[in-house]
Structure formats: C-alpha cells, structure tokens
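The next block holds one structure in the form of structure tokens; read it before the comments.
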Amino acid sequence: MDVLAEVMSLLRTKGQLYGRIELSAPYGLEFPGGKGICLIVTRGSCFLGVDEHPILPLVGGDFVFLLTPETYSLRSSLETRLRSVLAVTTPEAFHRSRLIEHGGGGPPTSVVAGCFTFASPESELLVKHLPPIIHLPSSGPDATPWFQSTLQFIAAETAQDLPGSTAIVDRLAEVLFVQAMRSRVQSSLLTGSPSWLRALGDAQVGEALRRMHTEPGRAWTVAELARSVSMSRSAFATRFRQLVGETPLDHLTQWRMVRAASMMRESRPMKLAAIASAVGYESESSFGKVFRRVIGISPGRYRLNHGLEKALSG
C-alpha cells in the first residue's frame, strides 16, 4: 500500500477562493491567515514573510503552500514597510473582482493566491507535524515540465474566470499539494522536524508505517513491529520517535481514529461495532473512549454532525 497516497486521500483540500494579486514596486502588503494559503508567483519576484519564520525570496514559477499561518506578507524588498491589505481593499471587493492591485508603478510582480481548508475535520492529526511552509521552487529538481504547465494553467484559469474555473483550479491545486508532499518525502529524511512524512523516506520506519496503515485492525505491539522490519525493539522505538515525533503506538492510535472517522463519513449503514473491530478494538465502548479522547467527541456525535453537514451542503 502507498502510505502517502492513502494519507493524501484523507487530506483532500477544499479551495474556497482564488484570485490574482498584481503588484508593482515598491510594495509591501500583509495578509490575514487562519486558513491554508496557496501562492503561485507567475511573474516577477518578491519576498514572502510568514509569521516568525525567516523571509523567503520567491521568483516566477515558484509554488508555496502555507498550512495555517497567522499572517503572511509579500514585499518588493526587505526594507519596504508593510501595509495591511485591508487598507487597500475589502474582503467583499476581492470576492467580487478576484483582484488586488497595489504598488508604486515599478517592476511588476503577479501572484495567484488562494485559501483552502481540509475536507475532513480530523485532518489536524495528520497535518500537525507537517512543515508550516512547503516551497517548490521553479528551478528545483521537482520543477518538471508538467508541474510548470500546471502552474501556468492555474494562472490562466484564474485570470479568465470562466464558468467552472474555481473547480478546475481547486483540483489542480490539490495535485500540486500531492506533488509538494512527495517532494518532501524524497528530500527531508536527513533534515527537518520529526513527522510521519519525514519517516516515509526511511526504509525500516517507513515500512513499519506501511504495515500499520495497511492493517490498522491488527493487534500490533512495538516488539512485533520491530521484528517485522528486522530491528530490535529498543532501536526501533528510538528511531521511530526520532523520525515521527511520537511513539509507534501513539501514531497507530491516531491513525486508527482517522480511519474510523473516514469510515463513518463514507459508510453510514456500517455499525459502530464493525468500525471498532476494523480498527483493532474488541468492544464498541473501548473504541468510543479512545475516539472521544483523540477526536474530541463521541463516535455517535461525530456521525450525527457529519450527517447534518452533508445534508445542509447537499
């Protein structure tokens, strides 16, 4: 089983609004965050600031995902003072025009910007260890022709605003997100903070993750997982925690609850006892206690809330 593919199927994004930001130097705009942000530089260059993270220079063809910034900014130079975007336009005006224009008339920079949320409410369990800034530069090893063509297609769809363009941009941005995750797996094994994404690049811990994700209902122990990847129990537990940032059984419990929540959303006729058994719990009551602790509400309330949400949106 492809762990990344399955995780990404549960991390499906929902785009809410895409538009263009047309800037001319000198400029410096600060934007509110609170949601996922997608940025594509289609022309020129700029400096991206995200909360307290180091400033990131961007050029045409660069693609950035910001998972949940408090604020972010775009400026023409490091010396340029920032101005709130709310002093330039209003949210209502941007919703109508899908366009922000600002600057002093110098060299231009064009950015396609969008905000998104994740489709499933328990996605936070999968997102919490991901890097806050995911940057795919235009000149890096992941800058394949199809990738750059996809960026150009998104820019064209956003500029034309034809019927159905929002759905097209939403789907294409999701493809870029998967590509960004794949590039992180390939490049982050030796660097970066602990995360399940980083661990996928390790032969033994990545294989253990694959086994857990393939058979969440199996009565796994740390010793059994270690044996399955030809490691001692202590060495496996230590390396797993170093790479993933949590113990094997903590990760397994969270994955079981994410899978259970997905099953409840996808198959309402399926009894809770059957879902509990499928993710490794002998009784519905023991499953319910863990689900409430990890997800924050009872399985019954979760199913009811999802049913109401689906009815209202449908």
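Of everything in region 58-79, what is among the hydroxyl-bearing types (Ser, Thr, Tyr) and farther than 10 Å from residue 46 by Cβ? Give them in sequence order.
First pass over region 58-79, keeping only residues among the hydroxyl-bearing types (Ser, Thr, Tyr): 68, 71-73, 76-77.
Of everything in region 58-79, those that are among the hydroxyl-bearing types (Ser, Thr, Tyr) and farther than 10 Å from residue 46 by Cβ turn out to be 68, 71, 72.
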Residue within region 57-74 that is more than 15 Å from residue 134 (Cα to Cα) and surrounded by 20 or more Cβ atoms within 10 Å (Cβ to Cβ) present: yes
Residue match in region 133-153 (condition: at pLDDT 70 or above, open to solvent by 30 Å² or more (accessible area, probe 1.4 Å), of a type in the set (A, V, I, L, M) and farther than 22 Å from residue 48 by Cα): no
Residue 187 being at pLDDT below 80 and among the small types (Gly, Ala, Ser): yes
Matching residues in region 236-265 - criterion: being under 15 Å from residue 123 (Cβ atoms) and not aliphatic (A, V, I, L, M): 254, 255, 259, 262, 265
Top-ranked residue of region 160-169 - restricted to ones that are open to solvent by 20 Å² or more (accessible area, probe 1.4 Å) and assigned to a helix (DSSP H, G or I), ranked as modelled with the highest pLDDT: 168
Verdict on residue 157 being without any contact (Cβ under 8 Å) to a residue 60 or more places away in the chain and open to solvent by less than 40 Å² (accessible area, probe 1.4 Å): yes
Hey, residue 110 open to solvent by 40 Å² or more (accessible area, probe 1.4 Å), of a type in the set (Gly, Ala, Ser) and either outside any helix (DSSP H, G or I) or modelled with pLDDT of 75 or more (or both) or not: no
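The values are calculated or read from the model by the stated rules, or taken from the named source; none is laboratory data. It should be emphasised that the depicted structure is a prediction, and the values quoted were computed from it without experimental measurement. Cβ: placed from backbone, ideal geometry, glycine included. Neighbour counts: every protein chain shown. Remember, those area values only see protein heavy atoms, side chains included, never the ligands or the DNA or RNA. Shrake-Rupley method; radii C 1.70, N 1.55, O 1.52, S 1.80 Å.
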